[in-house]
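The values are calculated or read from the model by the stated rules, or taken from the named source; none is laboratory data. Since we're looking at a predicted model, the values are computed, not measured. As a convention, Cβ positions derive from the backbone with ideal geometry for all residues, glycine included, and neighbour counts pool all protein chains shown. Protein only, heavy atoms only, side chains kept; ligands, DNA and RNA dropped before computing areas. Shrake-Rupley method; radii C 1.70, N 1.55, O 1.52, S 1.80 Å.
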Amino acid sequence: MATAIIAPTAAPGQTAASTSSSRRSNRRIAVLPLLSATLSCCSLELAVGHRPAADCSHCEATDAFEEFLKADQPLKDGEFASTVHMLWPAHVEVVPITSDLGGWEPPSFHENLAKAAIAGWRKFQTDIIPRLPKKHPLHHQLNQRHAGALNDGFFHWQKTLFEVGGDVPTSLKIDPPVGTPDPDDNTSWPEMNALPEYQRLRKIVERLSRKFLIRSGLAPQVTNNLNYSMFNWCAVHGPGEFHGPHTHVGEYHVAVFYAQVGPAGGKLRFGDPRGHGPPFGRHVLHTPEAGHLVIFPSWLSHMATVTSPESDLPREYEDEPLRVTFPFNIGPETGPLPCHKWWEDPTGDMHFHRQSKIDFEEMGL
């Protein structure tokens, strides 16, 4: 556990929200540990020899946690150390997938995913909704008078579509037979399933998911042999829309890929897992960019903040693109753990420790 959370080469530095020029020259995965005692962040270097900048857009911790970013070294004769435990940190991983952010896939990767998602979202409005039976429960959600009603309905249809293996006619039934599809089964509508970038995205998330679980404390052998469900859907938000604070307790962890986001596309807000009363109640805002994949614990409260209303957009944002995301729920094969089995969640007891050397001369002892 002690060596899993942070690699020995990690050092304080820029996160994925830093300038694009820095991102291109320093290819890295950012991991933002929202610690149980404080907020901090660090960067895991992907390329040897790149030195991250000293500033960080998420905190002002400077090098306060530097000793936690290195593996413990054996004490020499005459050296002394205490053991410092970091309890229940909420680590948030920001992965630059596309090359315009310093990743490995071409920008067309997120562009093609965005086009397919928007086409499916529009087809849901023009083709799917009119075909729903009159007493279908989706009508109730679609008729809600709030900004997220359309996306809520779009989500629930996609969930049903996932559970029926991508069979569109069956997904329109009032009470369709549902289950968890096998990993190679269809998981979305036909046009999305046929998109190479979609299948590639699911494979990338599946591989990074297992790394995340290992970093969360799950044994590598158990993680690599773990059969789990990976449900994903598309969310499309226009001006003035948002997705309120929520969690996905019962899943192993969650992730979200940003396929398209404009300058006024809102932020990803993480709430303080320690609670909302003083001295806690802090939050971290991540400014997403198209090509980012963000992975975090299922129990961490998060929300997609409101996109700017059209009336508030500056003239240069008149053609502001829709915000398009691909959220993922990664959890047990049989579905989210029920509340009486939450104690079985392998990510619920994440912690690690490091030695902190004691220098008697420096301390004046």
Which order do Cys339, Cys234 take by accessible area at a 1.4 Å probe, largest first?
-> Cys339, Cys234
For an R0 of 45 angstrom, estimate the FRET efficiency from the Cβ-Cβ distance between Ala81 and Thr334 and round to the nearest 0.05.
-> 0.50
Computed lengthening from Lys211 to Lys159, 0.36 nm per intervening residue step minus Cα-Cα distance | 16.2 nm
Dipole magnitude of region 143-198 about its Cα centre, charges +1 at Lys/Arg Cβ and -1 at Asp/Glu Cβ only, in debye to the nearest 20?
-> 380
Take the Cβ-Cβ distance between Asn225 and Lys134 as r, set R0 to 45 Å, and report the resulting FRET efficiency rounded to the nearest 0.05.
-> 0.45
Shape call for region 323-365, from the Cα gyration tensor axes a ≥ b ≥ c (a/c under 1.5 means rounded, otherwise prolate when a/b beats b/c, else oblate), comes out oblate
Hz values of 3J(HN,Hα) by residue in region 103-117 - Karplus curve (6.51, -1.76, 1.60), Gly and Pro given as x | x, 10, 8, x, x, 4, 4, 6, 5, 5, 5, 5, 4, 5, 5
Amide H contacts under 5 Å for Phe231, restricted to residues at least 5 apart in sequence or on another chain and with H modeled in the peptide plane, are Asn329, Gly331
Rounded if a/c under 1.5, otherwise prolate or oblate - region 83-236, Cα gyration tensor axes = prolate
Give, in nm to one decimal, the length gained when the segment between Asn143 and Asp359 is fully stretched (0.36 nm per residue of separation minus the Cα-Cα distance).
-> 71.1 nm
Taking a crude spin-label model, label points 7 Å out from Cα along the C-beta direction, the Ala71 to Thr126 distance in nm is 5.7
Region 266-274 - phi-based ³J(HN,Hα) in whole Hz, Karplus 6.51/-1.76/1.60, Gly and Pro as x | x, 10, 9, 10, 9, x, 5, x, 7
